[in-house]
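Read the figures in this text as sums done on the coordinates, not as results from a lab. Quick caveat, the model's predicted, so the values are computed rather than measured. Virtual Cβ from ideal backbone geometry, glycine too; neighbours counted across all protein chains shown.
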Amino acid sequence: MANPQFSVSVVVTPIAERTDPSRSEYSYAYTVTIRNSGDIAAQLIARRWVIADQNGHVQEVRGLGVVGHQPLLQPGESFEYTSWTQLATQQGSMHGSYFCYTQDAWPFEAEVPEFVLGNTSALH
């Protein structure tokens, strides 16, 4: 049987123009690169995100595709997109998964490991 696998990397960037500490609004863009590191073509169908802030508020987001796309990736191909989220605290985290199907209709999930939403330059 073929080996379906998507690997995921994420880069986070603060969005200054959408951040207002006086209103407890901290916004972050996240750019996700999804790479088909398996040996069979597969399509991303849906996403699930778990977003947490420093106050313990957790939000779950589910939906079809990513930014209006359901990319079909051949082995070795990648798809990149940027989205954003807003927190009530200066730092938080996200993790999740993508629900996918191989070209021969076998379902699998691609996990997105937890990453930090925060101004990393402020952490040093």
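In debye to the nearest 20, how big a dipole does the chain give about its Cα centre with +1 on each Lys and Arg Cβ and -1 on each Asp and Glu Cβ?
Dipole magnitude for the chain comes out near 160 debye.
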Quiz item: Sequence-distant or interchain residues sharing an amide H contact under 5 Å with VAL112, placed H: which?
Solution: GLY96, SER97, TYR98
Quiz item: What is the Cα coordinate range of the stretch 1-83 on the first, second and third principal axes, sorted by size from largest, in whole angstrom?
Solution: 54, 23, 20
Quiz item: Listed highest first by mean packing, meaning other Cβ atoms within 10 Å per residue, what order do 12-19, 82-89 come in?
Solution: 82-89, 12-19
Quiz item: Once amide H atoms are placed 1.01 Å from N in the peptide plane, what residues at a sequence separation of 5 or more from ILE45, or on another chain, have their amide H within under 5 Å of its amide H?
Solution: PHE99, CYS100, TYR101
Quiz item: Hey, any idea what Rg/Rh is for the stretch 48-124, computing Rh the Kirkwood way over Cα pairs?
Solution: 1.04
Self-check item: Spin-label model distance (nm) - SER37 vs VAL67, 7 Å beyond Cα toward Cβ
Solution: 2.2 nm
Self-check item: Cα gyration tensor category, rounded, prolate or oblate, for the stretch 25-72 with a/c compared to 1.5
Solution: prolate
Quiz item: What percent do you get for the relative contact order of the chain when only Cα pairs under 8 Å and 6+ apart count?
Solution: 29 percent
